[in-house]
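This report refers to the structure that appears directly beneath it.
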Amino acid sequence: MNIPVELWAFLGCGVILVFSLQVQAIHMIFHHGIKFWLSARDQPKEGVMAGRLDRNARNNLEGVVMFAPLVVFAVSAGISNDWTRYAAETYLITRIVFPFIYVSGVRVVRTVLWGIGLASLFAFFYGLTLGLN
């Protein structure tokens, strides 16, 4: 079975999302206890790190939501070219590095990585348009 690079990148982004959510939950349990974790959390207890982990998880979720339609369309239409492959790889790399930079609080690098990831989505879209011709 020959699985396209774009689909592997999509799987990788999904794994990163799950990992981000798990790290956020583990952090909450260690810092606020299992009782708080099992509660409705109507009164959230948030510190600097908890806030960063939460925003990182939401950012990863938003990223997967933007990446998913591109990959699903490409795979469904049988489109895979240098633009879609390199864009998918670039996007995955930025998604791998981004959480570490974001949670560490490195501002400028975080924004540059986010911009590269966004640009790779546009590059992927451009690759799709090339494949439709």
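The values are calculated or read from the model by the stated rules, or taken from the named source; none is laboratory data. These figures come from a predicted structure and were not determined experimentally. FYI the Cβ positions are ideal-geometry reconstructions off the backbone, even for glycines, and counts take in every protein chain you see.
Exactly one residue out of LEU70, LEU92, LEU61 is assigned to a helix (DSSP H, G or I), touching a Phe, Trp or Tyr at 6+ places or on another chain (Cβ under 7 Å) and of a type in the set (A, V, I, L, M), and it is LEU70. The residues of region 24-49 that are in a helix (DSSP H, G or I) and touching a helix residue (DSSP H, G or I) at 6+ places or on another chain (Cβ under 6 Å), listed by number, are GLN24, HIS27, MET28, ILE29, TRP37. Evaluating ASP42 against the criteria (1) without any contact (Cβ under 8 Å) to a residue 60 or more places away in the chain; (2) closer than 22 Å to PHE122 by Cβ leaves one unmet condition, (2).
Per the conditions (1) exposed (fewer than 13 other Cβ atoms within 10 Å of the Cβ); (2) of a type in the set (Phe, Trp, Tyr); (3) closer than 30 Å to GLY131 by Cβ, the sole criterion not satisfied by TRP8 is (1). Which of the residues spanning region 27-79 are modelled with pLDDT under 85 and within 17 Å of TRP8 (Cβ to Cβ)? Residues satisfying the conditions do not exist here. The set of residues in region 119-133 being closer than 25 Å to LEU21 by Cβ, hydrophobic (A, V, I, L, M, F, W, C) and touching a Ser or Thr at 6+ places or on another chain (Cβ under 9 Å) consists of PHE124 alone.
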